[in-house]
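What follows is a set of notes on a single structure, which appears directly below.
The values are calculated or read from the model by the stated rules, or taken from the named source; none is laboratory data. All values derive from a computational prediction rather than experimental measurement. Here the Cβ positions follow ideal geometry from the backbone for every residue, glycine too, while neighbour counts run over all protein chains shown.
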Amino acid sequence: MMKQEDRNDGISRRGFLKRAGLLGAALCVNPVLEKATAAERVLTGQGQVVRDIPAGMAAVRELRTLGNGTAAFRVSAMGFGCMGLNHHRSSSPDEAACIRLVREAIERGVTLFDTAESYGYHKNEILTGKALKGYTDRVFVSSKFGHKFVNGVQVKTEEDSTPANIRRVCENSLRNLGVETLGIFYQHRSDPNTPIEVVAETCAELMKEGKILHWGMCEVNTDTIRRAHRVCPVKAIQSEYHFMHRTVEENGVLAACEELGIGFVPYSPLNRGFLTGAINEYTRFDTTNDNRQTLPRFQPEAIRANTRIVEVLNAFGRTRGITAAQVALAWLMNKRAFIVPIPGTTKLSHLEENLRACDIRFTAEEMTEIENAVAAIPVVGSRYDALQESKIQK
Ligand SMILES: NC(=O)c1ccc[n+]([C@@H]2O[C@H](COP(=O)([O-])OP(=O)(O)OC[C@H]3O[C@@H](n4cnc5c(N)ncnc54)[C@H](OP(=O)(O)O)[C@@H]3O)[C@@H](O)[C@H]2O)c1
């Protein structure tokens, strides 16, 4: 049954989105960073003007285009990662505060929100759904499938991208999030037992059924991207990318995205908070709700050594009046016009700080300067443990 909030002049949201995708494609000439057409206004991905944003307010006022061709996807130049609102980032504010924060992000122009089935097995999707209730006609929400769960417990040694599981997750995500269509449905990790062509075919069917608008994959290699893209155009690759993890530059993934016209969504763009300077060797992570304590890079010795990288960002930012977090996010956004980072936070002050990075432009010389300065410092500790790393396509 159609929800009132999702109706648009008698057109169902799903039908509207299908048509909007085609219209968006027609309007989109170039996958480049574009200023909103009217100053101080933000457009949704559907090309509608939503509202004015007061001058001076920390906000994202630009759209970026993920993908190209007949179904380019226009979203705010920075998205919002919802995971840490209640999963894997230690304790967090109560539900009402999280909802208020997400709505602040919406008011400040964010149109892309990111969650996954596996973030607390529906817990994060349900919270995200509550936060987006009443706003789903102006924002998009992405979720992810592919981890294997038995009775709500993740089987960490296996993945499950069988068509039946993709469909099961999709129905759950739609219900949890209170939407009829997911913005992007990502494969969370590749499943060695299910060919990517089968996954792409299943996503193509879900698109035809109007249950997902676009699809993407996380942490896959260029071979998989090309094979998948041939079956059903991939809208975005979501993989880890930040100053301390630049693999996508080296393994050809970023170049393949550029060549094929696929968007890139860097996850953990602040390296799980580390690049902001908010974490030091004495930081204690919640033993029941924070995966950082399991990561080699977040052990005290690694933190101590890697703090030199944060100091480089601080030094670079100091002469420009910007923070380390802003240097990290602005660097990503200046790197390519088809990059849309999705930092997460539980705090309005951090949201404001992060959104202001959207206004920062670096020259080519500045990009080289900061890259060289960071590259001169070896990163200590691997980003994942051996099991997690084994799930990453090389
Ligand atoms: N596809 C995948 O496999 C995958 C994996 C991991 C994450 N993700 C996605 O990526 C999103 C973001 O990732 P993430 O949460 O791992 O990492 P992140 O965005 O790099 O960092 C989030 C952490 O940084 C802190 N933070 C944010 N802005 C800050 C600021 N300006 N100053 C100081 N601290 C700041 C947050 O704490 P406060 O609450 O204190 O601000 C939080 O602990 C997730 O929500 C999820 O949607 C995807």
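Of the conditions (1) within 16 Å of the ligand (Cβ to nearest atom); (2) surrounded by fewer than 17 Cβ atoms within 10 Å (Cβ to Cβ), residue 210 fails just one. Which one is it?
So residue 210 meets the others, but not (1).
Checking residue 303 against (1) surrounded by 20 or more Cβ atoms within 10 Å (Cβ to Cβ); (2) over 19 Å from residue 62 (Cβ atoms); (3) in contact (Cβ under 8 Å) with a residue 40 or more places away in the chain, which test does it fail?
Failed condition: (3).
Quick check: is even one residue across the stretch 353-373 surrounded by fewer than 17 Cβ atoms within 10 Å (Cβ to Cβ), under 23 Å from the mean Cα position of the chain (by Cα) and under 20 Å from residue 239 (Cβ atoms)?
Yes, the stretch 353-373 contains at least one residue that is surrounded by fewer than 17 Cβ atoms within 10 Å (Cβ to Cβ), under 23 Å from the mean Cα position of the chain (by Cα) and under 20 Å from residue 239 (Cβ atoms).
Restricting to the stretch 276-293, name every residue that is in a helix (DSSP H, G or I) and near the ligand (Cβ under 7 Å from one of its atoms).
The answer is 276, and nothing else.
How many residues does the stretch 157-209 contain that are among the acidic types (Asp, Glu) and farther than 30 Å from residue 386 by Cα? Break it down into steps so the answer makes sense when it comes.
Applying the first criterion (among the acidic types (Asp, Glu)) to the stretch 157-209 yields 158-160, 171, 180, 191, 197, 201, 205, 209.
Narrowing further to those that are farther than 30 Å from residue 386 by Cα: 171, 180, 201, 205, 209.
Of the residues in that region, 5 qualify.
When you check residue 171 against the structure, is it more than 16 Å from the ligand (Cβ to nearest atom), among the acidic types (Asp, Glu), part of a loop (DSSP other than H, G, I, E, B) and over 30 Å from residue 356 (Cβ atoms), yes or no?
No; evaluated as a whole, the condition is false for this residue.
Can you tell me which residue within the stretch 100-131, out of those that are acidic (Asp, Glu) and more than 10 Å from the ligand (Cβ to nearest atom), is farthest from residue 156 (Cα to Cα)?
If we take residues in the stretch 100-131 being acidic (Asp, Glu) and more than 10 Å from the ligand (Cβ to nearest atom), then 107 is farthest from residue 156 (Cα to Cα).
Need pairs with beta-carbon distance below 6 Å; first residue within 10 Å of residue 131 (Cβ to Cβ) and within 11 Å of the ligand (Cβ to nearest atom) and within the stretch 88-99, second at pLDDT below 95 and not in a helix (DSSP H, G or I); sequence gap 6+ or separate chains.
Between residues of the stretch 88-99 that are within 10 Å of residue 131 (Cβ to Cβ) and within 11 Å of the ligand (Cβ to nearest atom) and residues that are at pLDDT below 95 and not in a helix (DSSP H, G or I), there is no close pair.
Please find, within the stretch 104-153, the residue that is surrounded by the fewest Cβ atoms within 10 Å (Cβ to Cβ) out of those that are assigned to a strand (DSSP E or B) and among the basic types (Lys, Arg).
The residue in question is 148.
On the given criteria, is residue 58 within 16 Å of the ligand (Cβ to nearest atom), more than 17 Å from residue 340 (Cβ to Cβ), at pLDDT 95 or above and out of contact with any helix residue (DSSP H, G or I) (no Cβ under 8 Å at 6 or more places or on another chain)?
no
On the given criteria, is residue 324 small (Gly, Ala, Ser) and under 30 Å from residue 140 (Cα atoms)? Step through it out loud before you land on a result.
Values: small (Gly, Ala, Ser): yes; under 30 Å from residue 140 (Cα atoms): yes.
So residue 324 passes the test.
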